[in-house]
Amino acid sequence: MTDTIFAPATAPGRSAVAVVRLSGPATGRAVAALAGRLPRPRLATLRTLRGQDGAAIDQALILWFTGPKSYTGEDCAELHLHGGPAVVAGVLEALSALGLRLADPGEFTRRAFENGKLDLAQAEGVADLIEAETEAQRRQALDQLGGALGHAQSRWRDALIEALAMFEAAVDFADEEVPADVAARARPVLTDLIADIEHALVHVKRGEQVREGFRIALIGAPNAGKSTILNALAGREAAIVTATPGTTRDIIEVPMRFSGYKALLADTAGLRETHDEIEAEGVRRARAWAGEADLRIWVVDGASDAAATAPELHPHDLCVINKADLPPGAETGHAVVEARAFGVEALRLSAKSPGDIAALEHALETRVVAALAGAELPTATRLRHRELLAEALERLQRALVLEDDLELAAEDVRLAGRALDRITGRIDPEDVLDRVFSSFCIGK
Ligand code: GDP
């Protein structure tokens, strides 16, 4: 039998209202002990809450939900208290004295999942909604909470069962008059399914970028002005600016926002040959971060005569020829040629000019919006989904080429189904569930 848990559902600190949540079979008894008697279910009721010694702790609004019509599916209650730390502490202490247990992180949502109130992808949507800082993150999380991924999964599952049934019929009745083409009929079902999953995989990247932030890396030789540009874009002194080359040795990430999308702008160690061990590690990390970034800004010192070699660039990246306020050096013309070789746009500007920084910001915004603003919301939004979809896809593709060996093909289709089932967590091992729910805050 499950025990009864409680936890503050609102952030600690002073606030007008703080909510304490309870769930489990002893909820009704506990609320009655605190409030004298149980209010009518689902009806906000004002009561004085008292500890075991009979002394008043607070006047609170009580909401009492009888299972299964509640968030967790169990008997649940919400106590809306005055949001002072002493009030909340007093109520938590009283609940503990009644033998109830403080909930683990994510335990309320885990119970909701275990009672079939939501699937694992929806539970992830709850966590994402709480984490959402931008409008795009909120929309995406809400869509996932609404069950978008679960709906896609059950559509895929239906197709999969249809294909599997045909394979199995062909195997079971191999010697009888089952139409010889029954296995062949599974082919279009599988090809459609493969196309559908491939489509979801294309969009999952965008989902991850919206959730985690679009990664923009500033790269280039030391002293080109990367830190100055980062600070100007961020509107604060996030990175140290000095005239001494090699000052930025680790990666400095600054969260930014472009048209409702979250981005992470990173200043990286200047790319140069070095004998300093710490700086060399910084350069290695800089290259790695830049290689995985969604966008690179290659910054060069346009006033210098050194001809810097361009790092690996992609066509949507940017080249910034900095220090346009100074007389141009040989680097200016050189960088234009290098950028053109990658098909990358080159902007000549001065990091010290607010107008130029605004133009750079606009160029970045255009790129972030172009990458993230699709007509449809991605259904899959995180690495866990991407891995499972990729696994299912691989199995299905194998099933297609194994058509001559129907038993093997059927087994692959079955394993693809298992990977898809794990998206909604119906058959996931405990450790995966533990990992998903432990990322929640207490009280969720
Ligand atoms: P980083 O090593 O690439 O991060 O370069 P920093 O941002 O630390 O800049 C190196 C030096 O160049 C500093 O002294 C900056 O003040 C200077 N600097 C940066 N941008 C400009 C610019 O647009 N014009 C001028 N004149 N100096 C700049």
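The values are calculated or read from the model by the stated rules, or taken from the named source; none is laboratory data. Because the structure is predicted, anything quoted here is derived from the model rather than measured. Cβ atoms come from the backbone with ideal geometry, glycine included; neighbour counts cover every protein chain shown. To get the accessible areas, we keep the full protein, side chains included, count just its heavy atoms, and leave off ligands, DNA and RNA. Shrake-Rupley method; radii C 1.70, N 1.55, O 1.52, S 1.80 Å.
Key figures
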| item | result |
| --- | --- |
| Among residues of region 285-314, those that are out of contact with any Cys (no Cβ under 6 Å at 6 or more places or on another chain), at pLDDT 90 or above and not hydroxyl-bearing (Ser, Thr, Tyr), counted | 13 |
| Cross-chain or 6+ apart pairs with Cβ under 7 Å, region 80-99 first and surrounded by 16 or more Cβ atoms within 10 Å (Cβ to Cβ), then part of a helix (DSSP H, G or I) | 81/87; 81/88; 81/91; 94/34; 95/30; 98/30; 98/33 |
| Some residue of region 422-434 being at pLDDT 85 or above, open to solvent by 40 Å² or more (accessible area, probe 1.4 Å) and not aromatic (Phe, Trp, Tyr) | yes |
| Filter result for residue 35 (surrounded by fewer than 16 Cβ atoms within 10 Å (Cβ to Cβ) and either more than 18 Å from residue 100 (Cα to Cα) or of a type in the set (A, V, I, L, M, F, W, C) (or both)) | no |
| Positions within region 203-236 being β-branched (Val, Ile, Thr) and either closer than 29 Å to residue 347 by Cα or at pLDDT below 85 (or both), in sequence order | 210, 216, 219, 228, 229 |
| Lone qualifier among 11, 44 - being within 28 Å of the chain's Cα centre (by Cα) and open to solvent by 30 Å² or more (accessible area, probe 1.4 Å) | 11 |
| Residue 104 in a loop (DSSP other than H, G, I, E, B), touching a residue at least 60 places away in the same chain (Cβ under 8 Å), under 33 Å from the mean Cα position of the chain (by Cα) and surrounded by fewer than 13 Cβ atoms within 10 Å (Cβ to Cβ) | no |
| Qualifying residues in region 323-339 (those that are under 13 Å from residue 306 (Cβ atoms), charged (D, E, K, R) and within 16 Å of the ligand (Cβ to nearest atom)) - the one nearest to the chain's Cα centre (by Cα) | 323 |
| Among residues of region 194-208, those that are buried (at least 17 other Cβ atoms within 10 Å of the Cβ) and among the basic types (Lys, Arg), counted | 1 |
| Candidate set from region 289-305 (those that are surrounded by fewer than 24 Cβ atoms within 10 Å (Cβ to Cβ) and within 33 Å of the chain's Cα centre (by Cα)); member that is farthest from residue 327 (Cα to Cα) | 292 |
| Hits in region 356-401 - residues which are open to solvent by 50 Å² or more (accessible area, probe 1.4 Å), within 16 Å of the ligand (Cβ to nearest atom) and not charged (D, E, K, R) | 358, 359 |
| Any hit, region 163-176, residues being at pLDDT 85 or above and either open to solvent by 70 Å² or more (accessible area, probe 1.4 Å) or acidic (Asp, Glu) (or both) | no |
| Some residue of region 337-346 being closer than 26 Å to residue 125 by Cα and buried (at least 21 other Cβ atoms within 10 Å of the Cβ) | no |
| Strands (runs of 3 or more DSSP E) enclosed by region 266-374 - at least 3 residues per element that are within 14 Å of residue 216 (Cα to Cα) | 295-301, 318-322 |
| Enumeration of residues in region 127-156 that are of a type in the set (A, V, I, L, M, F, W, C) and open to solvent by 10 Å² or more (accessible area, probe 1.4 Å) | 127, 129, 130, 132, 142, 145, 148 |
